[in-house]
């Protein structure tokens, strides 16, 4: 019996090692306002469950969504960073027509994100 406990203990300790590295999932969204303005954003998530989040990107209903390697930082109005459940999500909002940081920042504030203007 003690040999079995030692083997189980060794397996548990042996599996400890380094934590798995997080990977990034980036999903770019494009939609149109009722006034016809095209709005773009991109959410980049540092996660340990990339497959789950990749499928969620593909399953968006009313927006065009596309998996990308990383979100572009060109023409960015600002970024909203949310952290929770061991994951960090950064959503970049891009310049488009009448869309301004003053319009987007309250959305970030509403979800208790940290807004960073560019």
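For residue 28, indicate whether it is buried (at least 16 other Cβ atoms within 10 Å of the Cβ), at negative phi and in a helix (DSSP H, G or I).
no
Can you list residue pairs whose Cβ atoms sit under 9 Å apart, with the first residue in the stretch 84-108 being at negative phi and modelled with pLDDT under 90 and the second being crowded, with 18+ Cβ neighbours inside 10 Å and assigned to a helix (DSSP H, G or I)? Count only pairs 6 or more apart in sequence or on different chains.
87/53
For the subset of the stretch 109-118 comprising residues that are on the phi < 0 side of the Ramachandran plot and in contact (Cβ under 8 Å) with a residue 24 or more places away in the chain, which member is surrounded by the fewest Cβ atoms within 10 Å (Cβ to Cβ)?
Applying the filter and picking the extreme gives 111.
For residue 3, are the conditions met, namely being in a helix (DSSP H, G or I), out of contact with any strand residue (DSSP E or B) (no Cβ under 6 Å at 6 or more places or on another chain) and either at pLDDT below 90 or surrounded by 14 or more Cβ atoms within 10 Å (Cβ to Cβ) (or both)?
Yes.
Can you name every residue in the stretch 63-83 that is surrounded by 14 or more Cβ atoms within 10 Å (Cβ to Cβ), touching a helix residue (DSSP H, G or I) at 6+ places or on another chain (Cβ under 8 Å) and touching a residue at least 40 places away in the same chain (Cβ under 8 Å)?
Correct list: 77, 78.
The values are calculated or read from the model by the stated rules, or taken from the named source; none is laboratory data. Quantities reported herein were computed from a predicted structural model and do not represent experimental measurements. Heads up, the Cβs are rebuilt from the backbone with ideal geometry, glycines too, and the neighbour counts pull from every protein chain shown.
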